Amino acid sequence: MKSEGELPPRERLVRAASRLFYYEGVRAIGVERLIAEAGVTKATFYRHFASKDDLVVAYLLTKDAYYKEVAEPLAAAHPPAEAIDLIFEAIAEHARERGFRGSPFMNAAAEYPDADHPVRGLVASHREWIRSLFRELLTRLGHTDPESAAGALLMLYDGAMAAGYLDDSTAAHKTLLNAVQLIRSGG
């Protein structure tokens, strides 16, 4: 495995952005700090990203890919009810990780109020992917209203990400899994 300094400059910038944006917020971090953390020049930064917002999009694309790498294999390899439970179990475990600060998508959306901004577009795309994944699993499960239940699971996902940061993670974990089973069963 390559050390941070051996990585290509673009990857170093995205990794630095991932750390800094997630832990300190997008607006709190300037280009100069990103350049210093990544160990690149200003010219190198602008060769790879036309603006800081372009780097924010690249950062969120890495997070989107990570969530898909976790959830899609679970959805493909397990019966639908078990897949839903396992996806939420993975979310609950993620929320227990040291340094967890909630959803990187919700955090970024809070800093970009313009719904037409590319960052918000990526947040919307990520959320639609989650909704459609749940809808597909619920349809395979034979749920009587997969559309509404998928919306409820998406809302539960959002709440789990917030609760994992704000509340006691053990209590949030138990509440989350109970709520998933209630929605999944149509009750």
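The values are calculated or read from the model by the stated rules, or taken from the named source; none is laboratory data. Remember, predicted model here, so these are calculated numbers, not experimental data. Note that we place each Cβ from the backbone using ideal geometry, even for glycine, and neighbour counts take in every protein chain shown. For accessibility, only protein heavy atoms count, side chains too; no ligands or nucleic acids. Shrake-Rupley method; radii C 1.70, N 1.55, O 1.52, S 1.80 Å.
Observations
- Test result for P104, open to solvent by less than 60 Å² (accessible area, probe 1.4 Å), in contact with a Phe, Trp or Tyr (Cβ under 9 Å, 6 or more places away or on another chain) and not hydrophobic (A, V, I, L, M, F, W, C): yes
- Where a residue in region 31-53 is under 25 Å from H117 (Cα atoms) and its partner, wherever it lies, is of a type in the set (F, W, Y) and surrounded by 18 or more Cβ atoms within 10 Å (Cβ to Cβ), with Cβ under 8 Å and at least six apart: V31/F45; L34/F45; I35/F45
- S169 vs. criteria within 18 Å of L74 (Cα to Cα) and open to solvent by less than 70 Å² (accessible area, probe 1.4 Å): no
- From the options A179, A160, residue that is open to solvent by less than 40 Å² (accessible area, probe 1.4 Å) and touching a residue at least 40 places away in the same chain (Cβ under 8 Å): A160
- Condition met for S18 (outside the structural domain of A152 (by the TED database) and of a type in the set (S, T, Y)): yes
- Filter result for V14 (surrounded by 14 or more Cβ atoms within 10 Å (Cβ to Cβ), modelled with pLDDT of 95 or more, among the hydrophobic types (A, V, I, L, M, F, W, C) and more than 19 Å from T62 (Cα to Cα)): no
- Scan region 55-68 for residues that are among the charged types (D, E, K, R) and either crowded, with 17+ Cβ neighbours inside 10 Å or more than 16 Å from E128 (Cα to Cα) (or both) and the total you get is 2.
- Condition check for A109: loosely packed, with under 14 Cβ neighbours inside 10 Å, without any contact (Cβ under 8 Å) to a residue 24 or more places away in the chain and either in a loop (DSSP other than H, G, I, E, B) or among the aliphatic types (A, V, I, L, M) (or both): no
- Total residues in region 140-155, condition in contact (Cβ under 8 Å) with a residue 40 or more places away in the chain and open to solvent by 40 Å² or more (accessible area, probe 1.4 Å): 4
- Residues of region 22-47 that are crowded, with 18+ Cβ neighbours inside 10 Å and in a helix (DSSP H, G or I): Y22, L34, I35, A38, F45.
- Single residue of region 112-128 satisfying the filter (under 14 Å from K63 (Cβ atoms) and open to solvent by less than 40 Å² (accessible area, probe 1.4 Å)) that is farthest from the chain's Cα centre (by Cα): V119
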